[in-house]
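S.K.: Please read through the structure below; I'll follow up with questions.
The values are calculated or read from the model by the stated rules, or taken from the named source; none is laboratory data. As the structure is a prediction and not an experimental result, all values here were calculated from the model. As a convention, Cβ positions derive from the backbone with ideal geometry for all residues, glycine included, and neighbour counts pool all protein chains shown.
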Amino acid sequence: MADVTPPLDCARGVPCDRDRGDPEPAEGPPRLKRPVSDDDWSRGPAGAVSLVEYLDYQCPACQAAHPVVERVLASLPDRVRFVVRHFPIVSAHPQAQRAALAAEAAGRQGKFWEMHQRLFAPRGALQEDQLLSYAGELGLDLARFGADMADEGLAAKIRREKVLGVRSGVNGTPTFYIAEARYEGETGPLREEELKAAILAELDRNQRH
Amino acid sequence: MAALPVSAKAPDFELDGSSGRVRLSDLLKETQYVILAFFPASFSSVCTSELNLYQEVKDEFARLGARVVAISVDSKYVQQAFAKANGLTFPVLADFHPKGAVAEQYGVMRGDGRAERALFIVDSKGIVRYSYVSEIAKNPGADRLLEALEQMKAEA
């Protein structure tokens with residue numbers, strides 16, 4: 001029998017991982033166990049409201065969310081600090097870990113965001129040769145890129161990040177945090193206006209304080 | 001019937017599933033805690049992401065002396081395909097015939113023919129140490145389980 005991968009809902013392109021844990025209204029949404037810091041990959045000014053995304057490059061829901069996030073960021077220039085943290089669901093997405101490593105390895109050569117964009121480019125697979133060709137396109141030192149991809153330290157960093165994500169209430173991908181509190185959007189595909197409104201509400205709260 | 005509460009005796013059971021027959025009391029000889037994750041339906045979206053998460057967190061559970069067993073009313077052939085499609089290496093059990101009999105014993109069988117999305121932690125004495133029924137469409141996550149296991153470890 002042929003493999004039945006990927007899971008049915010993913011195969012249909014229905015975001016299958018944007019499920020939320022219980023809101024637990026008494027305590028409010030879960031918060032990041034590790035605050036945003038300079039150890040994170042981030043875009044945008046340090047003082048701005050943070051938008052953190054835990055993501056898996058092979059997750060269809062994350063792929064679908066990517067352009068939405070980019071549009072929201074573009075519509076709020078200099079007002080948001082966007083942070084990416086890895087949460088590869090390796091059992092279901094066999095290339096997710098390698099893709100996360102590719103982003104980290106590119107980051108060591110100053111090209112994290114360029115690689116991030118390519119990994120979400122809608123042109124197909126994340127197979128090994130593709131990761132290498134992305135590295136080539138970005139003008140990376142390929143020997144160093146290969147060595148970093150194989151670096152156990154980077155793999156360990158991704159594992160630690162994932163465990164902290166679980167402890168922060170990441171139940172699937174993508175999961176977002178605005179100002180370090182989990183964003184409880186409607187179930188289903190990420191909605192541009194809804195995400196933007198939540199960020200604007202946070203900006204507004206900041207201004208009033 | 002409401003879900004079995006903390007301190008209740010966990011009914012023993014034996015079910016077939018993705019990796020053969022599993023008996024709770026046998027598992028409890030091999031590990032300190034067993035996490036029973038009842039879920040409504042294999043291949044549905046929330047169940048898939050919930051069990052994917054438990055697969056990812058398997059090592060953390062093991063570090064705290066716990067192993068996961070997932071249970072739904074689907075047949076063992078469905079469970080085999082579901083486990084294979086998602087790379088699930090823990091047992092996915094078929095509470096298939098009589099349908100939902102184990103879910104019934106744990107008080108988590110629904111009127112619509114599916115099990116609740118419910119979590120139990122059973123200790124090696126066969127006692128329920130943690131009991132939680134999630135909203136059916138919500139992934140309950142793993143943090144609550146890790147927290148409960150850590151607390152048990154601290155109290156032990």
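S.K.: Just one of B:ASP59, B:ASP74 is surrounded by 19 or more Cβ atoms within 10 Å (Cβ to Cβ), among the charged types (D, E, K, R), over 13 Å from the mean Cα position of the chain (by Cα) and more than 8 Å from chain A (Cβ to nearest Cβ); which is it?
M.R.: Checking each option against the conditions leaves just B:ASP74.
S.K.: Is it true that A:PRO6 is surrounded by 18 or more Cβ atoms within 10 Å (Cβ to Cβ), more than 24 Å from A:GLU193 (Cβ to Cβ) and at pLDDT 95 or above?
M.R.: no
S.K.: Can you pull out every residue in the range B:18-47 that is under 30 Å from A:ALA156 (Cα atoms), within 11 Å of another protein chain (Cβ to nearest Cβ) and out of contact with any Ser or Thr (no Cβ under 8 Å at 6 or more places or on another chain)?
M.R.: The answer is B:SER45, B:VAL46.
S.K.: Something else now. Name the single residue, out of those in the range B:114-141 being surrounded by fewer than 20 Cβ atoms within 10 Å (Cβ to Cβ) and more than 16 Å from B:VAL69 (Cβ to Cβ), that is farthest from the other protein chains (Cβ to nearest Cβ).
M.R.: That would be B:LYS125.
S.K.: Let me ask you something else. Quick test of your reading of the structure: A:ARG81 fulfils all but one of (1) at pLDDT 95 or above; (2) out of contact with any Leu (no Cβ under 8 Å at 6 or more places or on another chain); (3) over 27 Å from B:THR48 (Cβ atoms); (4) not in a helix (DSSP H, G or I). Name the failing condition by number.
M.R.: For A:ARG81, the exception is condition (2).
S.K.: Something else: Residue under question is B:ILE136, and the condition is that it be within 30 Å of A:ALA96 (Cα to Cα) and outside any strand (DSSP E or B); does it hold?
M.R.: yes
S.K.: Looking at B:VAL102, B:VAL68, B:VAL92, can you tell me which residue is at pLDDT 95 or above, surrounded by 21 or more Cβ atoms within 10 Å (Cβ to Cβ) and in contact with an Asp or Glu (Cβ under 6 Å, 6 or more places away or on another chain)? Talk me through it step by step, then tell me what you get.
M.R.: Details: B:VAL68 fails: in contact with an Asp or Glu (Cβ under 6 Å, 6 or more places away or on another chain); B:VAL92 fails: in contact with an Asp or Glu (Cβ under 6 Å, 6 or more places away or on another chain).
On inspection, the qualifying residue turns out to be B:VAL102.
S.K.: Filtering the range A:174-188 down to residues that are modelled with pLDDT of 95 or more and closer than 19 Å to A:TYR57 by Cα, which residue is surrounded by the fewest Cβ atoms within 10 Å (Cβ to Cβ)?
M.R.: In this case the residue turns out to be A:PHE176.
S.K.: Of all residues in the range A:121-145, which are in a helix (DSSP H, G or I), of a type outside the set (Ser, Thr, Tyr) and touching a residue at least 24 places away in the same chain (Cβ under 8 Å)?
M.R.: Looking only at the range A:121-145, we keep the residues that are in a helix (DSSP H, G or I), and these are A:128-137, A:142-145.
Those still in the list that are of a type outside the set (Ser, Thr, Tyr) too: A:128-132, A:135-137, A:142-145.
Hits for the range A:121-145 are A:GLU128, A:LEU131, A:ALA135, A:ARG144, A:PHE145.
S.K.: Take the range B:57-79 and flag every residue that is part of a helix (DSSP H, G or I) and polar (S, T, N, Q). Step through it out loud before you land on a result.
M.R.: First pass over the range B:57-79, keeping only residues part of a helix (DSSP H, G or I): B:58-63, B:76-79.
The one that is part of a helix (DSSP H, G or I) and polar (S, T, N, Q): B:GLN79.
S.K.: Let me ask you something else. Among the residues of the range B:1-47, write down those that are part of a loop (DSSP other than H, G, I, E, B), polar (S, T, N, Q) and closer than 18 Å to B:ALA85 by Cβ.
M.R.: Result: B:SER19, B:SER42, B:SER44.
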